[in-house]
Amino acid sequence: MTDTVISSATREVVLGLERPFVMIGERINPTGRKILAAEMAAGNFSRVEADALAQVAAGAHMLDVNAGIPLADEPAILARAVQLVQSITDVPLSIDSSIVKALEAGLAVYKGKPLVNSVTGEEERLESVLPLVKDGKLKSRETVVDGLALAPEAFMGLLRGENFGKLVVKVD
């Protein structure tokens, strides 16, 4: 299995089975955090900033950024959060959304090669997300499968519990 290089504007993290463990900070996520969700929806990102800095200080090699707030403008909020986090840290990011327009917005402002998170293996979802992967701007998260031809087999292995993490298709 090949390694996957994720980067910010100034730092790289290499993911792979023979590589050291990578800690990904997951606190920038309004799911289950009512105060954070309300603040982000209102345009207050002070808690996002504090969470980002605290996670990096605690040893996170990367940060996951999510803006999934019901009835909010997730693409705009995610783009703003990505820009803010990149302005105060140098760690690579995982852009976390199940909404393709939000992924596109986050990618449009991202400096480097991020991971993408929360993409399911459903054919319709893959059809909308894989073009983002293929254009070279994006790498996908966790279990990496080389080439599209292997994706169904890897996904079935994931369902059988043979793979750790989530299905990822890496298209070079």
**OP:** Return the pairs, sorted by first residue and then second, in which the second residue is surrounded by fewer than 17 Cβ atoms within 10 Å (Cβ to Cβ) and of a type in the set (K, R), the first residue lies in the range 46-75 and is without any contact (Cβ under 8 Å) to a residue 40 or more places away in the chain and outside any strand (DSSP E or B), the beta carbons are less than 8 Å apart, and the residues are 6+ apart or on different chains.
**Re:** E74/K101; P75/K101
Original post:
Counting only residues that are farther than 18 Å from R27 by Cβ and either surrounded by fewer than 21 Cβ atoms within 10 Å (Cβ to Cβ) or of a type in the set (K, R) (or both), how many does the range 60-82 have?
Top reply: 6
**OP:** Quickly run through the range 94-117 and pick out the residues that are in contact with a helix residue (DSSP H, G or I) (Cβ under 8 Å, 6 or more places away or on another chain) and of a type outside the set (G, A, S).
**Re:** I95, I99, V100, K101, L103, E104, L107, V109, Y110, K111, P114, V116
Original post:
Which condition number in (1) in a loop (DSSP other than H, G, I, E, B); (2) under 17 Å from L93 (Cα atoms); (3) at pLDDT 90 or above is the one that F21 fails?
Top reply: (3)
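Matching residues to (1) surrounded by 14 or more Cβ atoms within 10 Å (Cβ to Cβ); (2) of a type in the set (S, T, Y); (3) touching a strand residue (DSSP E or B) at 6+ places or on another chain (Cβ under 8 Å):
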{"residue": "S8", "(1), (2), (3)": "yes, yes, yes"}
{"residue": "E12", "(1), (2), (3)": "no, no, yes"}
{"residue": "R19", "(1), (2), (3)": "no, no, no"}
{"residue": "K34", "(1), (2), (3)": "no, no, no"}
{"residue": "E39", "(1), (2), (3)": "yes, no, no"}
Original post:
Residues of the range 1-60 being over 22 Å from A76 (Cα atoms) and charged (D, E, K, R), which ones?
Top reply: D3, R11, E12, E18, R19
**OP:** Taking L167 as the residue in question, decide whether it is closer than 19 Å to I6 by Cβ and modelled with pLDDT of 60 or more.
**Re:** no
Subject >> Enumeration of residues in the range 84-108 that are in contact with a Lys or Arg (Cβ under 9 Å, 6 or more places away or on another chain), surrounded by fewer than 19 Cβ atoms within 10 Å (Cβ to Cβ) and at pLDDT 95 or above >> reply: D90
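What are the residues in the range 24-45 that are in a loop (DSSP other than H, G, I, E, B) and touching a helix residue (DSSP H, G or I) at 6+ places or on another chain (Cβ under 6 Å), if any?
Taking the range 24-45 first, the residues in a loop (DSSP other than H, G, I, E, B) are 29-33, 42-45.
P30, F45 - these are the residues of the range 24-45 that are in a loop (DSSP other than H, G, I, E, B) and touching a helix residue (DSSP H, G or I) at 6+ places or on another chain (Cβ under 6 Å).
The values are calculated or read from the model by the stated rules, or taken from the named source; none is laboratory data. These numbers come from a predicted model, not from an experiment. Methodologically, a virtual Cβ is constructed for each residue, glycine included, from the backbone with ideal geometry; neighbour enumeration extends over all protein chains shown.
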